[in-house]
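Inspection log for the structure reproduced underneath, given as structure tokens.
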Amino acid sequence: LEASMLSPLLLAAARSGRMRDVITSVPLTRGVVDRFVAGDDLDAALEAVRELRGGGLEVTLDHLGEDTREPAQARATRDAYLRLFDAFGEQGLAGGSDASVKLSALGQALPGDLALDHAREICSAAGRAGMTVTLDMEDHTTVDSTLEVLGKLRVDFPWVGVAVQAMLRRTDGDLRDLVGEGSRVRLVKGAYAEPASVAYQSRHEVDRAYVRALRRLMRGDGYPMVASHDPRIIEIALTLAAERSPSSYEFQMLYGIRAAEQERLAQGHRMRVYVPYGADWYGYFMRRLAERPANLAFFLRSFVSR
Ligand code: FAD
């Protein structure tokens with residue numbers, strides 16, 4: 001099987017409740033999940049953060065969860081972020097740290113302004129703690145709503161950032177409003193299964209779109225956050241970054257992926273690690289498997305090599 005055939009299957013499974021029940025009930029899954037997720041609770045996340053920061057890495061924390069259908073659960077997610085900011089403040093970890101937030105976990109699909117209201121409370125608490133917030137970007141049906149929320153949040157919290165996905169055809173146009181001064185933009189390839197009508201399908205096209213967007217961000221007045229593990233992308237970003245001051249951009253990678261490269265880049269560049277934690281790891285984990293056949297092989301091997 002080719003990776004290109006497996007990945008749509010895995011991304012479909014990432015959205016399936018039945019698959020979730022199967023995969024999360026297998027005890028062995030846990031050991032593999034630990035490679036990508038810092039732990040089930042805040043204490044585990046704090047431990048990972050202390051270690052990363054000790055090694056000169058910055059962090060952005062993601063309390064795992066998405067596609068919330070219940071207002072109570074959206075509130076619980078907000079509360080988890082508020083606890084995170086308290087803990088970071090108390091433990092002296094806040095300075096320079098960021099939190100990554102999925103609006104779908106805050107009630108984006110529910111009626112009214114629930115997600116916006118929760119996001120406001122999160123930003124307000126982050127600001128008090130001396131931290132920043134970045135909105136993750138989810139599947140293409142949520143992009144308009146996420147950019148709208150971003151615009152509203154930035155009125156009061158100009159430091160709120162957003163992820164944009166190179167694979168989406170619309171991103172070229174969206175960037176027009178995102179290259180201004182103070183605009184924090186995380187550029188990613190995109191992790192969701194999207195139809196050809198809205199997204200580039202081939203790796204080559206996505207990579208080309210990424211580099212185009214990267215050029216615009218690096219030549220703009222904002223603060224580009226280059227989120228990729230791809231050595232070719234990083235090479236190009238390093239060349240473009242040479243014309244900028246070291247404090248005007250950063251690199252980002254995911255927890256557990258290319259740790260040695262993270263440390264290498266941290267010598268001379270700001271390098272931020274995306275640290276997911278929490279019990280609701282299923283969707284995140286499945287997207288990581290879909291990205292890289294080697295991750296899937298690692299997962300499957302852990303079953304047969306018992
Ligand atoms: P890929 O095309 O996956 O990989 C390219 C190359 O990188 C590989 O061929 C290999 O050479 C190298 N590589 C990758 N993984 C490894 C590994 N484990 N070991 C060794 N080499 C490896 N997506 C969203 O849709 N929304 C978001 O908000 C979002 N936030 C993100 C935040 C961060 C900090 C990062 C890093 C990613 C985020 N993503 C997000 C995921 C992103 O969209 C991609 O799915 C993911 O980063 C994989 O793409 P890639 O650029 O790393 O390159």
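Using 1/(1 + (r/R0)^6) with R0 = 30 angstrom and r between the beta carbons of MET5 and ARG170, what's the FRET efficiency to the nearest 0.05?
0.70
Given the -39500 (n - 2.57) contribution per DSSP H run of 4+ residues, what per-residue ellipticity at 222 nm results for the chain, rounded to the nearest 500 deg cm²/dmol? Don't skip to the end; give the middle numbers.
Numbers: 13 runs with 150 residues, N = 306.
Value at 222 nm, helices only: -15000 deg cm²/dmol.
Can you sort PHE251, PHE157 from fewest to most other Cβ atoms within 10 Å of each residue's own Cβ?
Ordered by Cβ neighbours within 10 Å, fewest first: PHE157, PHE251.
If you take the beta carbon distance between SER202 and ALA44 as r and set R0 to 45 Å, what does 1/(1 + (r/R0)^6) give as a FRET efficiency, to the nearest 0.05?
The formula returns an efficiency of 0.75 here.
Using the basic label-point model (7 angstrom from Cα toward the beta carbon), what is the ARG212 to SER124 distance in nanometres?
4.1
How much length is gained on full extension from GLU181 to ARG232, taking 0.36 nm per residue of separation minus their Cα-Cα distance?
Separation in residues times 0.36 nm, less the Cα-Cα distance, equals 15.6 nm.
Taking only C-alpha pairs under 8 Å that are 6+ residues apart, what is the relative contact order of the chain in percent?
It rounds to 25 percent for the chain.
Suppose R0 equals 22 Å; then what is the FRET efficiency for ASP156 and SER245 from their Cβ-Cβ distance, rounded to the nearest 0.05?
Approximately 0.20, to the nearest 0.05.
Non-local amide H neighbours of VAL59 (under 5 Å, H modeled in plane, Pro and chain starts lacking H): which ones?
Amide H neighbours of VAL59: ASP98, VAL273.
Quick one: Cα centre-to-centre distance for the range 172-223 and the range 55-127, in angstrom?
Computed from Cα coordinates, the inter-centre distance equals 24 Å.
Top mean-square fluctuation among ASP62, ASP144, ASP79, Gaussian network model of the chain, C-alpha springs under 10 Å?
Answer for the Gaussian network model of the chain: ASP144.
Can you pull out the trypsin sites (Lys or Arg not before Pro) in the range 27-100 that DSSP calls coil and that have at most 15 other Cβ atoms within 10 Å? List each step's numbers first, then the result.
Values: sites: ARG30, ARG35, ARG50, ARG53, ARG69, ARG75, ARG78, ARG83; in loops: ARG35, ARG69.
Listed in order of number, the matching sites are ARG35, ARG69.
Which GluC sites (Glu not before Pro) in the range 149-243 sit in a loop by DSSP (not H, G, I, E or B) and have at most 15 other Cβ atoms within 10 Å of their own Cβ?
Listed in order of number, the matching sites are GLU181, GLU243.
Computed from the coordinates by the stated procedures, all read-outs in this text should not be read as laboratory data. A quick note: this is a predicted structure, and the numbers were derived from the prediction, not measured. So basically every Cβ, Gly included, is an ideal-geometry build from the backbone, and we count neighbours across all protein chains shown.
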